[in-house]
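Below: one structure, written as structure tokens.
The values are calculated or read from the model by the stated rules, or taken from the named source; none is laboratory data. Everything quoted here is computed from the prediction, not taken from an experiment. Cβ placement follows ideal geometry from the backbone for every residue including glycine, while neighbour counts extend to all protein chains displayed.
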Amino acid sequence: MGAVTGPRRGLHTVPVTERELLTAAARAAGLRLSAADVVALLPAWKRYLTLVEELRAAMAPEDTDAVG
Amino acid sequence: MPSVESLTSAPLVQIVSSLRRRQVSPVDLVDAYTKRIEASAGLRAFITPPDERARREAQRAERRLSRGETGALLGVAIAVKDLFATRALRTTVGSRILRDWLPARDAAVVARLRAAGAIIFGKTNLHEFAYGVSTANPWWGIARNPHDPRRSPGGSSGGSAIAVIAGLCAGALGSDTGGSIRVPASLCGCVGLKPTFGVIPLAGTFPLGWSLDHAGPLARTVDDAGVLFDVLSGGDAGRKSRRASTRGLRVGVLRGSIVELVQPAVSRQVDAAAAALRRRGLRVRSVQIPEMEWTVATQLVTLRAEASALHARWIRTRSRAYGADVRTRLQLGSLVAGADYVLAQRMRARIRAAMRRVFHDIDLLLLPSTPITAPIVGERTVRWPSGEEPVDGALVRLTAPFNLTGLPALSIPFGATAGLPIGVQLVGLWNDEARLLAVGRLIEEEAPTLTLPREQGRKISR
């Protein structure tokens with residue numbers, strides 16, 4: 001799994017994989033995931049993030065109008 | 001005089017009439033259903049099949065009938081999806097977690113069925129916690145489609161649809177959060193009604209998504225669904241539908257991107273249903289609702305969050321007590337941010353407003369119930385010329401919009417392809433079930449006759 005955030009050099013950032021991000025998010029939500037859970041959940045989580053981004057983009061014109 | 005065996009597959013209204021005329025005994029009918037249930041155990045329609053209690057209820061009904069008592073469903077065997085609480089009768093919600101739950105009281109809908117004289121005839125199989133559309137239940141068995149046991153009956157009310165179409169009861173109760181009545185109705189070839197949100201009380205019904213859950217009937221005919229709906233809702237839309245005028249009603253046939261990925265045979269049947277309505281004096285035109293494109297994302301965020309809120313404790317402390325697919329869905333839901341849920345509710349309001357606008361120009365909307373016929377059990381993706389789609393997403397793509405909006409929707413069998421039933425879906429305006437059922441009956445009258453599974457030559461008589 002490739003790094004998705006953070007440059008490879010720098011004092012305050014480290015490479016983080018999607019799997020690590022998911023595990024951290026799950027831990028923050030109080031879930032204890034097994035390795036098998038992570039494997040099963042990762043595709044669904046990525047699809048979820050994509051769908052939410054699409055929803056956000058679709059609502060964006062309304063947001064702009066409201067601010068303007 | 002109809003034989004007991006022929007009545008097992010007859011419309012509920014015919015059964016009611018035969019019972020009232022004392023042409024058949026409810027005990028004999030219950031015995032005939034029981035034999036059929038035993039013979040079709042491989043379909044896994046029931047988690048808790050009807051037992052001696054159901055037979056005693058039939059004996060009581062027989063005594064009442066002999067005294068000349070009446071009741072809308074007196075002596076009629078109704079199977080109940082196993083997420084409606086039944087007093088002192090195991091209610092598992094299709095789960096391992098609740099495998100020993102004996103509710104202290106009936107769900108409101110079960111109480112209404114009993115008050116109308118119905119025999120509560122077993123608890124039907126469902127997708128675990130109703131959270132999925134295959135009814136491939138890891139604890140209580142993989143439910144099978146009566147038309148082809150290699151195929152899925154759909155879900156989550158899969159057991160109820162099987163019981164109706166295989167002649168194991170007179171009618172059944174289901175619930176629908178994203179399509180869980182209409183999807184199995186479509187795949188199994190029976191009628192399924194998801195009424196207006198809130199019309200049927202949900203007290204005592206194990207929830208899945210509070211803002212999306214509906215209860216409703218699965219039945220062999222539209223008339224049967226109307227009778228059951230009247231009992232469940234305490235209203236009279238079913239009765240009214242029989243005298244409602246349909247001439248000149250405006251029907252919109254849904255076009256646009258959301259119905260582009262549909263099996264050609266399914267599209268042809270929707271067009272045939274539209275043509276039939278035109279012949280019967282309705283005004284038919286095409287309509288588009290572009291906002292429906294956002295249904296899948298909106299439904300996914302809403303349902304994941306609501307279901308995980310309900311299961312918050314168990315998914316953190318007993319995750320191994322869930323089947324793999326439901327566990328993954330609940331874990332994902334635990335990661336939904338509050339801001340994402342708000343975003344989905346804003347889009348939901350937009351979809352609802354779009355529907356309201358479209359219904360200014362039409363009285364009813366016509367579309368497929370499901371874009372595909374029954375998939376093979378375990379099949380995960382549908383292959384379209386333009387790419388792949390998850391089977392569970394495809395199955396609810398055309399039903400979930402009406403859970404988000406609360407509009408009443410009816411799935412009606414309309415022909416078959418390769419021996420598998422096709423369902424068309426009719427959607428009405430909020431609280432307009434009477435017209436929905438009236439036009440649904442027209443579609444039913446025009447539908448090609450559906451042969452009952454494994455009983456070549458026996459048709460559903462309407």
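Assorted remarks:
- Taken over region B:377-427, residues that are among the acidic types (D, E), over 20 Å from B:E291 (Cα atoms) and either in contact with a helix residue (DSSP H, G or I) (Cβ under 9 Å, 6 or more places away or on another chain) or in contact (Cβ under 8 Å) with a residue 60 or more places away in the chain (or both) amount to 2.
- Contact map, region A:25-39: first residue facing chain B (nearest Cβ under 9 Å), second residue assigned to a helix (DSSP H, G or I) and crowded, with 18+ Cβ neighbours inside 10 Å, Cβ cut-off under 6 Å, separation 6 or more or different chains; pairs are A:L31/B:Q331; A:L33/A:A26.
- Residue in region B:197-209 that is surrounded by 24 or more Cβ atoms within 10 Å (Cβ to Cβ), under 8 Å from the mean Cα position of the chain (by Cα) and in contact (Cβ under 8 Å) with a residue 24 or more places away in the chain present: no
- Some residue of region B:271-284 being at pLDDT 95 or above, surrounded by fewer than 16 Cβ atoms within 10 Å (Cβ to Cβ) and within 13 Å of another protein chain (Cβ to nearest Cβ): no
- Positions within region B:321-364 being more than 9 Å from chain A (Cβ to nearest Cβ), over 26 Å from the mean Cα position of the chain (by Cα) and basic (K, R), in sequence order: B:R357
- Filter result for B:P153 (in contact with a Ser or Thr (Cβ under 7 Å, 6 or more places away or on another chain) and more than 27 Å from B:D392 (Cβ to Cβ)): no
- The residues on offer are B:Q23, B:Q59, and the sole one that is within 23 Å of B:A111 (Cβ to Cβ), without any contact (Cβ under 8 Å) to a residue 40 or more places away in the chain and not charged (D, E, K, R) is B:Q59.
- A residue that is within 30 Å of B:T451 (Cβ to Cβ) and outside any loop (DSSP other than H, G, I, E, B) can be found somewhere in region B:193-202.
- If the condition is being of a type in the set (A, V, I, L, M, F, W, C) and more than 30 Å from B:A166 (Cβ to Cβ), then region B:219-258 contributes B:A244, B:L249, B:V251, B:V253, B:L254, B:I258.
- B:A72 assigned to a loop (DSSP other than H, G, I, E, B) and in contact (Cβ under 8 Å) with a residue 12 or more places away in the chain: yes
- Residue list for region A:40-55, restricted to those being facing another protein chain (nearest Cβ under 8 Å), under 11 Å from the mean Cα position of the chain (by Cα) and not hydrophobic (A, V, I, L, M, F, W, C): A:Y48
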